[in-house]
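Below is one structure, written out as C-alpha cells, with a few remarks after it.
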Amino acid sequence: MSGATLRNLVLASLTGGVIVTDQLSKLHIVQTMRLHESIPIIPNLFSLTYIRNPGAAFGLLAGSSNAFRMVFFGLTSIFALVLLGTILYRMPERDWMGRLSVSAILGGAVGNLIDRLRFGEVIDFLDVYIDNYHWPAFNVADSAITVGVIFLVIYFMFEKQDVPPAVPQAPSVQTPGA
C-alpha cells in the first residue's frame with residue numbers, strides 16, 4: 001500500500017468515524033431519552049439534554065417555515081460539501097494537519113445533513129452550562145466541525161509559506177539616443 005493510499009484511508013476513516021459516532025450517539029439518545037429530558041452528568045456544568053434543533057447553529061432560522069429551511073439547508077449543505085471536497089482534493093498531501101481538519105469538518109457536516117434529511121432537524125444533546133447560563137446544546141458532528149475549524153485556523157495562522165527568494169533585478173541601462 002502506497003503512502004498516499006494510506007493517508008487517504010486515514011482521512012476517509014476519520015470522516016467516516018465522525019459520521020458513525022455522531023449517528024450512533026444520536027440513535028442512543030433518541031432510544032433512551034424523552035424529548036427535552038435532561039440527565040445531569042456534572043452538576044452545574046454538563047448534562048445530556050435531548051433536544052431537536054430545526055434551525056442552524058445556535059437555533060438561527062428556527063422560526064422560519066419548514067419549506068424555507070429545507071431549501072436553505074439543502075442548498076447550503078450541498079455547497080458546503082462540494083466546497084469541503086474541493087478543498088480536500090486541492091490541498092497538497094504534505095498539508096496533513098489541514099487535510100485532517102477538513103476531514104473532521106466534512107464528517108460533521110455529513111452527520112448533521114443526515115439528520116436534516118431524516119428528521120428535518122438536527123438532534124442535539126450535549127448541554128454545557130454554568131448554573132442557569134447554558135451554551136446552546138450541540139452534538140458530536142458540531143464538535144467535529146468546531147474542532148476541525150479551530151485546528152484549520154491554527155494551521156493556516158502558523159503555516160510557513162514556501163515563497164521563492166526574490167531575484168534581484170539588474171538595473172536597466174539606457175543607451176544614448178534611444
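Residues in segment 5-33 that are polar (S, T, N, Q) and free of Cβ contacts under 8 Å to residues at least 12 places away in the same chain were compared, and the one that is nearest to Arg118 (Cα to Cα) is Gln31. For Asp127, indicate whether it is in contact (Cβ under 8 Å) with a residue 24 or more places away in the chain, part of a helix (DSSP H, G or I), touching a strand residue (DSSP E or B) at 6+ places or on another chain (Cβ under 8 Å) and under 27 Å from Leu35 (Cα atoms). It is false that Asp127 is in contact (Cβ under 8 Å) with a residue 24 or more places away in the chain, part of a helix (DSSP H, G or I), touching a strand residue (DSSP E or B) at 6+ places or on another chain (Cβ under 8 Å) and under 27 Å from Leu35 (Cα atoms).
Collect the residues in segment 89-136 that are among the acidic types (Asp, Glu) and under 30 Å from Thr5 (Cβ atoms), keeping them in residue-number order. Once the filter is applied, which keeps residues that are among the acidic types (Asp, Glu) and under 30 Å from Thr5 (Cβ atoms), segment 89-136 yields Glu93, Asp95. In segment 34-48, of all residues being within 26 Å of the chain's Cα centre (by Cα) and touching a residue at least 60 places away in the same chain (Cβ under 8 Å), the one that is surrounded by the fewest Cβ atoms within 10 Å (Cβ to Cβ) corresponds to Leu45. Kindly check whether there is at least one residue in segment 96-114 that is surrounded by fewer than 13 Cβ atoms within 10 Å (Cβ to Cβ) and at pLDDT 85 or above. There is no residue in segment 96-114 that is surrounded by fewer than 13 Cβ atoms within 10 Å (Cβ to Cβ) and at pLDDT 85 or above. Candidates in segment 80-121 are the residues that are in a helix (DSSP H, G or I) and of a type in the set (D, E, K, R); of these, the one that is nearest to Leu152 (Cα to Cα) is Arg99. Filtered by the rule that a residue be on the phi > 0 side of the Ramachandran plot and in contact with a helix residue (DSSP H, G or I) (Cβ under 9 Å, 6 or more places away or on another chain), segment 119-152 gives a lone residue, Gly120. Under the condition of being modelled with pLDDT of 95 or more, assigned to a loop (DSSP other than H, G, I, E, B) and in contact with a Leu (Cβ under 6 Å, 6 or more places away or on another chain), the residues counted in segment 13-55 number 0.
Restricting attention to segment 67-77, which residues are in contact with a Leu (Cβ under 9 Å, 6 or more places away or on another chain) and of a type outside the set (Ser, Thr, Tyr)?
Once the filter is applied, which keeps residues that are in contact with a Leu (Cβ under 9 Å, 6 or more places away or on another chain) and of a type outside the set (Ser, Thr, Tyr), segment 67-77 yields Phe68, Arg69, Phe72, Phe73, Gly74.
Residues of segment 98-124 that are under 12 Å from Lys26 (Cβ atoms) and free of Cβ contacts under 8 Å to residues at least 24 places away in the same chain: Arg118 alone. Ser77 - would you say it is among the polar types (S, T, N, Q), in contact (Cβ under 8 Å) with a residue 60 or more places away in the chain and assigned to a helix (DSSP H, G or I)? So Ser77 fails the test.
The values are calculated or read from the model by the stated rules, or taken from the named source; none is laboratory data. Given the structure is predicted, the values throughout are model-derived calculations rather than measurements. Counting neighbours? That spans all protein chains shown, and the Cβs are built from the backbone with ideal geometry, glycine included.
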